[in-house]
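Here's the structure we're looking at; comments come further down.
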Amino acid sequence: MKCLMEQKWHECTKDMLLHLSVDPLDASVYRKVMRNWDLAAKPLDGMGRFERLTAQIGAVLGTDNIDISRKAVIIMCADNGIVEEGISQSGQEVTAAVAKQMAKGSSPVGKMAAAAGADTIPIDIGINGNEKIPGLLPKKIRCGTRNFAKEPAMTEQEAVRAVFTGMELVSDCKKNGYRILATGEMGIGNTTTSSAVIASLLACDVADVTGRGAGLSDEKLQHKIQVIESAIKRYGLQGAEPTKVLETVGGLDIAGLAGVCIGGAVFHIPIVLDGIISMTAALLAEKMVPGTIQYLLPSHKGREPAAGKLAKELGLTPVIDGEMALGEGTGAVMMFSLLELALRIYQEGTKFSDMELEPYKRN
């Protein structure tokens with residue numbers, strides 16, 4: 001793929017995106033990691049799903065000598081024009097205000113990432129304003145999306161550029177030595193865009209996948225559902241092609257995160273998903289580039305009603321069920337710490353051979 005090899009990301013097109021292919025995971029490395037776990041002084045499968053998750057990471061990286069000490073969370077910040085319809089308690093000014101705190105490392109994800117030994121990479125992919133925020137990587141596609149109740153949120157070119165921006169960031173991270181990445185986001189109105197994307201792609205009832213976001217009343221929730229239903233009907237989106245859904249009712253943050261997911265698959269970097277927005281991006285990524293899901297790891301089950309449906313569709317079972325709804329990538333950063341703790345046993349734990357004992361045998 002010429003634009004990927006020569007880093008001419010701005011020249012990449014929808015056709016190039018939809019013709020990307022993904023390598024299968026290295027099954028031999030996966031099996032080797034699982035065998036190494038069996039040699040650790042513990043019951044077989046004693047670390048449960050963490051044994052399989054770390055084997056998946058090894059298969060993505062192509063080695064059973066797993067090192068994820070160099071890690072970062074990529075946080076896509078963007079505004080959504082649909083906020084004009086009163087589907088959120090907050091206005092768009094909140095996106096920029098929180099992004100400024102992210103740039104300083106003082107938002108919740110920044111504090112948690114520092115404790116977990118991870119870097120934060122906040123991105124302005126579509127904040128509504130032209131202010132240059134120090135510490136925020138400038139990758140703006142446009143100043144927020146359009147109001148999809150009145151017109152499509154993005155042009156095809158804008159949506160595709162946002163996806164390739166996410167891929168470019170993964171490519172850069174790999175060059176800079178990162179071994180694992182997480183997804184995060186900030187954008188008022190993005191539970192509305194994610195619900196619209198999910199309902200369209202899965203052809204399901206909007207009410208089943210739409211929640212209260214930051215705390216809507218019953219009346220406001222019904223209004224939010226009606227706004228989404230009207231848009232899906234107006235544009236004929238139920239079961240539509242994924243890029244059409246993305247450009248019509250999606251967000252720039254979702255598009256960028258879909259690119260991060262695809263970039264993980266193309267450049268062989270494991271990607272830890274956060275909550276509902278990240279999982280929506282993962283759904284889009286898998287629909288656009290089948291096989292991407294092999295390179296993605298779940299973290300937590302969010303509070304939004306679509307969480308269970310998305311997890312089932314993607315075949316991912318979240319590890320943390322803490323009823324979280326903070327966003328920013330906080331759940332994914334928590335997962336970093338859990339993976340590191342599991343890998344401490346894998347890398348440094350006592351082996352049966354150290355104790356001059358025979359390991360457990362599988363039947």
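Computed from the coordinates by the stated procedures, all read-outs in this text should not be read as laboratory data. In this text the structure is predicted, and so the values were computed from the model without any measurement. No Cβ is skipped: glycine too gets one built from the backbone with ideal geometry, and neighbour counts run over all protein chains shown.
Taking the charge dipole of the chain about its Cα centre, with +1 at Lys and Arg Cβ atoms and -1 at Asp and Glu Cβ atoms, the residue from Ala282, Met34, Trp9 reaching farthest to the positive side is Met34. For the chain, a Gaussian network of Cα nodes joined below 10 Å ranks Gly259, Gly105, Gly144 by mean-square fluctuation, and the top entry is Gly105. Across Asp321, Asp15, Asp23, mean-square fluctuation computed from a Gaussian network of the chain (C-alpha pairs under 10 Å connected) peaks at Asp15. Pairing the Cα long axis of helix 156-175 with the longest principal axis of the chain, what angle in degrees results, from 0 to 90 and rounded to the nearest 10? Computed tilt is about 30 degrees.
Take 185-195, 130-140, 328-338, 33-43 and order them by the average number of nearby Cβ atoms within 10 Å per residue, most first; the result is 185-195, 328-338, 33-43, 130-140.
Can you tell me the 0 to 90 degree angle between the C-alpha axis of helix 330-348 and the longest principal axis of the chain, rounded to 10? In the chain, helix 330-348 runs at an angle near 10 degrees to the longest axis.
If a paramagnetic tag sat 7 Å from the Cα of Asp23 along the Cα-Cβ line, which residues of the range 253-268 would have the backbone N under 20 Å from that point? Answer for this model: 260-268.
Taking the number of Cβ atoms within 10 Å of each Cβ as an exposure proxy, the fewest-first ranking of Lys224, Lys244 is Lys244, Lys224.
For the range 93-127 versus the range 38-80, the inter-centroid distance based on Cα atoms is 24 Å. Taken about its Cα centre, the range 71-339 carries a charge dipole of about 500 debye when Lys and Arg each add +1 at the Cβ and Asp and Glu each add -1 at the Cβ. For the chain, the share of DSSP beta bridges that are antiparallel, to the nearest 5, is 5%. List the pairs from Lys132/Lys244; Lys244/Lys312; Lys233/Lys312; Lys8/Lys32 whose alpha-carbon separation is above 27 Å, in the order I gave them. Too far apart for the 27 Å limit: Lys132/Lys244; Lys8/Lys32. Quick one: angle between helix 276-288 and the longest Cα principal axis of the chain, in degrees between 0 and 90, rounded to 10, please. The answer is roughly 90 degrees. Between Gly48, Gly166, Gly263, the Gaussian network model of the chain with springs among Cα atoms under 10 angstrom shows the greatest mean-square fluctuation at Gly48. Partner aspartates and glutamates whose Cα lies under 13 Å from the Cα of Lys140, excluding those fewer than 8 positions away in the same chain, are identified as Asp79, Asp124, Glu131, Glu158, Asp253. Could you let me know the centre-to-centre spacing of the range 172-217 and the range 324-363, using Cα atoms, in angstrom? That distance is 28 Å.
If the chain linking Gln222 and Tyr360 were pulled fully straight, counting 0.36 nm for each residue of separation and taking away their Cα-Cα distance, it would gain 44.1 nm. Read through the labelled values [x] 38, 23, 19; [y] 39, 27, 17; [z] 35, 21, 20 and report the label of the one computed as semi-axes √(5λ) of the Cα gyration tensor in Å from the structure. Only one option fits the structure, namely [z].
A dipole drawn for the range 71-339 from +1 and -1 charges on Cβ atoms has a positive end, and of Gly302, Met335, Gln222 the residue lying farthest that way is Met335.
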